[in-house]
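J.: Attaching a single structure in structure tokens format; questions to follow.
The values are calculated or read from the model by the stated rules, or taken from the named source; none is laboratory data. Computed from a predicted model, the values in this text were never measured in an experiment. Cβ placement follows ideal geometry from the backbone for every residue including glycine, while neighbour counts extend to all protein chains displayed.
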Amino acid sequence: MADFIVQAHQEAGKACSASVLSALRKEAWVSFLNIVRSDCLAKAGYRFLDKTEKSFQGTLYAFLNGAFHEMHDTNASAERDSAIGRLDIVMEDKYNEKRTVYIFELKVDKPALDALEQIHSKDYSIQYGTCHKKVLIGLTCDAIKLNIIEATIEVHQKDDKNDFQLMPPKNFAVNSVGYFQEVG
């Protein structure tokens, strides 16, 4: 049964592949978050999601792995080890000869900022120093609604001198009708 569910999420990811990649590459964060919310987690079902970080992570990983599965120069991995911890999900995309890494950290019923802080405190992104861009994504998963409800995204991009420049973090939350929007 679990293999069938994982395969179903991978197929959903494949169906959304162009939309996912386009949103990520254009930094259309609201669009990306709404795709994950509606086409991944909303379809996972309460029998698969058991209110734990691991179940949210597994569902999102299967979806993103499907989205990146057959694309050249892209890959997704889960539970990747670092020097002092384990990254929840990492996606790498080499587009126009520039490598971008997306690092996801999920928290259940805790602020997305806590997830972003974990990425920083455990130096998860340090191993990706040769990338052109690092995108750090903290997500809040709601144990009752069984979906993501909040996100904080921070972009680090190399400049002409090959130094990383930090863009101000952007915060997103689900509005009263169930869609993500950027907040304060």
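J.: Looking only at segment 143-158, how many residues end up being assigned to a loop (DSSP other than H, G, I, E, B) and either of a type in the set (A, V, I, L, M, F, W, C) or modelled with pLDDT of 95 or more (or both)? Spell out how you get there, then give the answer.
T.: Filtering segment 143-158 for residues assigned to a loop (DSSP other than H, G, I, E, B) gives 143-146.
After this cut, where a residue has to be either of a type in the set (A, V, I, L, M, F, W, C) or modelled with pLDDT of 95 or more (or both) as well, the list is 143-144, 146.
Number of matching residues: 3.
J.: Let me ask something else about it. Is one or more of the residues making up segment 29-44 at pLDDT 80 or above, over 13 Å from the mean Cα position of the chain (by Cα) and either closer than 25 Å to residue 173 by Cα or surrounded by fewer than 21 Cβ atoms within 10 Å (Cβ to Cβ) (or both)?
T.: Scanning segment 29-44, I find at least one residue that is at pLDDT 80 or above, over 13 Å from the mean Cα position of the chain (by Cα) and either closer than 25 Å to residue 173 by Cα or surrounded by fewer than 21 Cβ atoms within 10 Å (Cβ to Cβ) (or both), so the answer is yes.
J.: Do you know which residues across segment 65-102 are touching a strand residue (DSSP E or B) at 6+ places or on another chain (Cβ under 6 Å), at pLDDT 85 or above and not polar (S, T, N, Q)? Reasoning before the result, please.
T.: In the first step, residues of segment 65-102 are kept if they are touching a strand residue (DSSP E or B) at 6+ places or on another chain (Cβ under 6 Å); the result is 65, 68, 73-80, 86-93, 100-102.
Narrowing further to those that are at pLDDT 85 or above: 87-93, 100-102.
Passing the criteria: 87, 88, 89, 90, 91, 92, 93, 101, 102.
J.: Return the total of residues in segment 94-131 being part of a strand (DSSP E or B) and either under 17 Å from residue 164 (Cβ atoms) or in contact with a Gly (Cβ under 9 Å, 6 or more places away or on another chain) (or both). Working first, answer last.
T.: Residues of segment 94-131 part of a strand (DSSP E or B): 94-95, 98-108.
Still in the list and also either under 17 Å from residue 164 (Cβ atoms) or in contact with a Gly (Cβ under 9 Å, 6 or more places away or on another chain) (or both): 98-107.
Total meeting the criteria: 10.
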